[in-house]
1. Being under 22 Å from THR115 (Cβ atoms) and in a loop (DSSP other than H, G, I, E, B) narrows it down to one of GLY69, GLY44, GLY57, so name that one.
2. Inspect the stretch 72-87 for any residue being out of contact with any Leu (no Cβ under 6 Å at 6 or more places or on another chain), open to solvent by less than 30 Å² (accessible area, probe 1.4 Å) and assigned to a strand (DSSP E or B) and give the result as yes or no.
3. Has the stretch 29-40 got at least one residue that is touching a strand residue (DSSP E or B) at 6+ places or on another chain (Cβ under 6 Å) and open to solvent by 60 Å² or more (accessible area, probe 1.4 Å)?
4. It is to be established whether one or more residues within the stretch 93-111 are aromatic (Phe, Trp, Tyr), touching a strand residue (DSSP E or B) at 6+ places or on another chain (Cβ under 6 Å) and not in a loop (DSSP other than H, G, I, E, B).
5. Consider GLY44 against the criteria (1) surrounded by 19 or more Cβ atoms within 10 Å (Cβ to Cβ); (2) more than 18 Å from MET10 (Cβ to Cβ): it satisfies all of them except one. Which criterion is unmet?
6. Could you please find all residues in the stretch 13-41 being small (Gly, Ala, Ser), farther than 20 Å from ASN71 by Cα and assigned to a helix (DSSP H, G or I)?
7. Go over the candidates MET65, MET32, MET78 one by one and state the one that is closer than 25 Å to SER4 by Cβ and in contact with a His (Cβ under 7 Å, 6 or more places away or on another chain).
8. Among the residues of the stretch 13-28 satisfying the criterion of being free of Cβ contacts under 8 Å to residues at least 40 places away in the same chain and either more than 19 Å from VAL74 (Cα to Cα) or among the aliphatic types (A, V, I, L, M) (or both), which is least open to solvent (accessible area, probe 1.4 Å)?
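The values are calculated or read from the model by the stated rules, or taken from the named source; none is laboratory data. If you're wondering where the values come from, they're calculated on a predicted model, not measured in any experiment. All Cβ positions, glycine included, derive from the backbone under ideal geometry; neighbour counts span all protein chains shown. SASA here: full protein model, heavy atoms, side chains in, ligands and nucleic acids out. Shrake-Rupley method; radii C 1.70, N 1.55, O 1.52, S 1.80 Å.
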Amino acid sequence: MAASDPVADMLAKVQNAARAGHEKVDVPTSKMKLEIVKILKTEGYIKNFKKVQDDDGHSIIRIFMKYDGANEPVIHGMKKISTPGRRVYSGYKDLPRVYNGYGTLIVSTSTGVTTGKKASEKMVGGELICTVW
């Protein structure tokens, strides 16, 4: 059985919600997921998010999807790079570009979870988590 990958599950949920035209999607909370969601908001891929309690008292992140004027989702795709079975690391000089700079690379560095651009500026490498475009 494959190791569970909560971040990949979250990316799949968000992507599916965007394709299906949903207004919002709920994902279980974790520090890593919260950081990724913050980046998605900062980079303009989602409208908003908030931490809420579900009926069982578990905390979840409610992500509000964002669509353009033609009602197309702003998120065109998300791809997980590192998996529990295969971690992918990169130095700041070798960080890959996503769609020639139009996409966003999310990296987990020693200074926290950040975008590929900011990691390059701070000259820190780290684990490549995912790309969003």
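1. Every option except GLY44 fails the conditions.
2. The answer is yes; a qualifying residue exists.
3. yes
4. no
5. Result: GLY44 passes all but (1).
6. Result: no residue meets the conditions.
7. That would be MET65, the only listed residue that is closer than 25 Å to SER4 by Cβ and in contact with a His (Cβ under 7 Å, 6 or more places away or on another chain).
8. Result: VAL27.
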